[in-house]
Amino acid sequence: MYRQARDLGAAGETSRANALYNRLLNLTRDKRLKALVHSDRGVLAAMAGNLLEASALFQAALQLDPGCAQAVENLALLNGATAVNGPSMAKETDRTSAKGGSDGEVPARVAIVSFLFNWPSTGGGIVHTAELARFLGLGGYEVRHFYGRNPARGIGNVEGRLPFDSRAIELADRTWNIPAIQAAYRDAVDAFDPDVVIITDAWNMKPVLAEALGEYPYLLRQQALECLCPLNNLRLLFDGAGRVTQCPKHQLAAPGDCRACLESRGHQSGALHQMERSLAGVGSQSYDERLRRAFAQAEAVLVLNPLVEAMIAPYAQRVRIVTWGMDPVRFPWPWPDEPIAQPNKRVRTLLMAGVIDEVIKGFHVLQEACQKLWNKRRDFELLATGQPCGRFNEFTRFIGWLSQEELPRQIRAADVLVMPTIAQEGLGRTTVEAMGVGRPVIASRIGGLPYTVCDGATGLLFEPGNADDLAAKIETLLDDAALGEQMGLAGRKKFENEFLWPDVIERQYRPLLTRRASEGPH
């Protein structure tokens, strides 16, 4: 099969070759063979002019098999380290890697700064940070990631080696105070001397880090509603009876109201929230001044949707909607090893991929909706990422937590992805992943989801918390498999146009990441 795929690629049958390569990835567990497949697919991507995708595929090959000679040679060629006869990919790479667009310009140095970084992580924001560092590096930037480390306090627990330059800043208990933490970050970042700093993976500590690194141009990367909602980053209010309401206020516009909210509800936050909030001094006059100054002096504030943009715009010089990217290696197309279509299959599969134990994720709403449907029809099954694996009730089965590698395959194997959140999600990462594998989405009409999921085109939206409305939307797709297939294909097109990392780097990050004026090179 591998030889056949190579022959197809050599003959210019790129689409058929990729389809066969993708099928092979699902059939083999041999890491060396998988590395060869990634390397070959990288060559095909480079021949099509997709140089960042090609580099990502060569890197993926080397992660599987560091001794893969083909991937080493191809990556060296792509980076201009060797010269061979034939079309010069190296020259094209040099042009696309130069910051500011001129040949020969020295790439910008980018420091990515985190405070609440742990790895591996199930949180979308931290996954975004790791992928941002990797793909900026593939895009030609010199990137270094800095994160605070105090495992006893729940930060900096990193297992294994990260696939990019990442440095821990030790934050000992004896120096657990703002001046010492600022000095530690400043010393670490000064040694790198970046052109641009991206501050991310911090909730209320973002303005503290911005103050410490203010001599550099910096971008504030918003992953949700951090700094706007000091309670839980989501503007969700819980009363004593367990009811949830959406708060219309935020800390920049109504600091006094947020302070009063913390006094009455602060105990509802998790331990990490409370620790970070206390350290940052949220609620004090000095913190309020720091917060406003951090937003006002940022080169840009990067947000995920127009709602957050509107909240921050009066307090910042520049706000940009910059989406999260997705690794093209995780989302091949056409999808590998596609099973034979079953338009008349009797049981259709719904999937919820989220932390079902957190009430904000809305598993209880989905359960109520499915129970209503089960009372009148038995032609579906709900799969959810819960523990322990096995039957939860007559229509729900728990499948355990899914790794980043497993998740796309599981979504593709389902018929519909459901995201029943009652929280103001910034983007809804799993909805984008569903579009990446060509599956329709049913999601709450809340936060950034109406901007991610096109209602009636790539999926269906329902009123958050409304089990009747959710049941109706599920029934629509249970009754019309062709509609779901059409929505899935439309979602894949939107995914390709908006969410692939190489394109996100080129369109959205490159204009913001330029070298500082200086007397000479670093």
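Summary of values
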| read-out | value |
| --- | --- |
| Difference of contour (0.36 nm per residue) and Cα-Cα distance, A48 to D173 | 39.7 nm |
| Net +/- balance of residues flanking R277 in space, Cβ distance below 14 Å, scoring K and R +1, D and E -1 | +1 |
| Two-site label geometry, R293 and H364: point separation in nm, points 7 Å out along Cα→Cβ | 4.3 |
| Cβ-defined net charge surrounding P194, 11 Å radius [Lys, Arg +1; Asp, Glu -1] | -1 |
| Phi-based couplings in Hz for segment 411-419 (Karplus 6.51, -1.76, 1.60; Gly and Pro marked x) | 5, 4, 6, 7, 8, 9, 9, 10, 10 |
| Over the chain: helical MRE at 222 nm, DSSP H runs n ≥ 4 each giving -39500 (n - 2.57), nearest 500 | -12500 deg cm²/dmol |
| Heavy-atom surface of the chain, accessible at 1.4 Å and reported per residue (Å²) | 43 |
| Per-peptide average of other Cβ atoms within 10 Å, ordering 472-482, 259-269, 413-423 highest first | 413-423, 472-482, 259-269 |
| Relative contact order (%) - segment 143-291, alpha-carbon pairs under 8 angstrom, separation at least six | 18 |
| Cross-link table K34/K494; K376/K473; K361/K473; K206/K361, entries beyond 20 Å C-alpha to C-alpha | K34/K494; K206/K361 |
| Under-5 Å amide H pairs with Q251, H placed in peptide plane, nonlocal only | C229 |
| From phi via Karplus (6.51, -1.76, 1.60), per-residue ³J(HN,Hα) for segment 309-323 in Hz, x at Gly/Pro | 4, 5, 5, 8, 3, x, 10, 9, 5, 8, 10, 10, 7, 10, 6 |
| Relative contact order (%) - criterion: Cα under 8 Å, at least six apart; region: the chain | 12 |
| Under-5 Å amide H pairs with F146, H placed in peptide plane, nonlocal only | I112, V113, S114, R167 |
| Hz values of 3J(HN,Hα) by residue in segment 27-35 - Karplus curve (6.51, -1.76, 1.60), Gly and Pro given as x | 8, 10, 10, 6, 5, 5, 5, 4, 4 |
| Charge-dipole axis of the chain as Lys and Arg at +1 and Asp and Glu at -1 on Cβ define it, positive-most pick from C229, S444, P248 | S444 |
| Whole-percent carbon and sulfur share, accessible surface of the chain, 1.4 Å | 49 |
| Segment 293-337: trypsin sites (Lys or Arg not before Pro) in DSSP coil with no more than 13 other Cβ atoms inside 10 Å | R318 |
| Amide proton proximity set for V158, modelled H, under 5 Å, gap of 5+ | W119 |
| At q = 0.06, 0.07, 0.11 Å⁻¹, base-10 log of I(q)/I(0) for the chain (Debye sum, equal scatterers on each alpha carbon) | -0.30, -0.42, -1.04 |
| Estimated translational D of segment 191-306 in µm²/s (Stokes, Kirkwood radius over Cα pairs; 4 °C; 1.567 mPa s) | 87 |
| Charge context of M205, other residues only, Cβ under 11 angstrom, K/R +1, D/E -1 | -1 |
| Loop-located GluC sites (Glu not before Pro) in segment 388-460 whose Cβ has at most 15 other Cβ within 10 Å (DSSP) | E394, E405 |
| Cα-derived Rg to Rh of segment 300-389, Kirkwood definition | 1.13 |
| Average silhouette area of segment 419-484, convex hull of alpha-carbon atoms, in square nanometres | 3.9 |
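The values are calculated or read from the model by the stated rules, or taken from the named source; none is laboratory data. Owing to the predicted nature of the structure, the values given are computational and were not obtained by experimental measurement. Note: ideal-geometry Cβ built from the backbone for every residue, glycine included; neighbour counts use all protein chains shown. Protein only, heavy atoms only, side chains kept; ligands, DNA and RNA dropped before computing areas. Shrake-Rupley method; radii C 1.70, N 1.55, O 1.52, S 1.80 Å.
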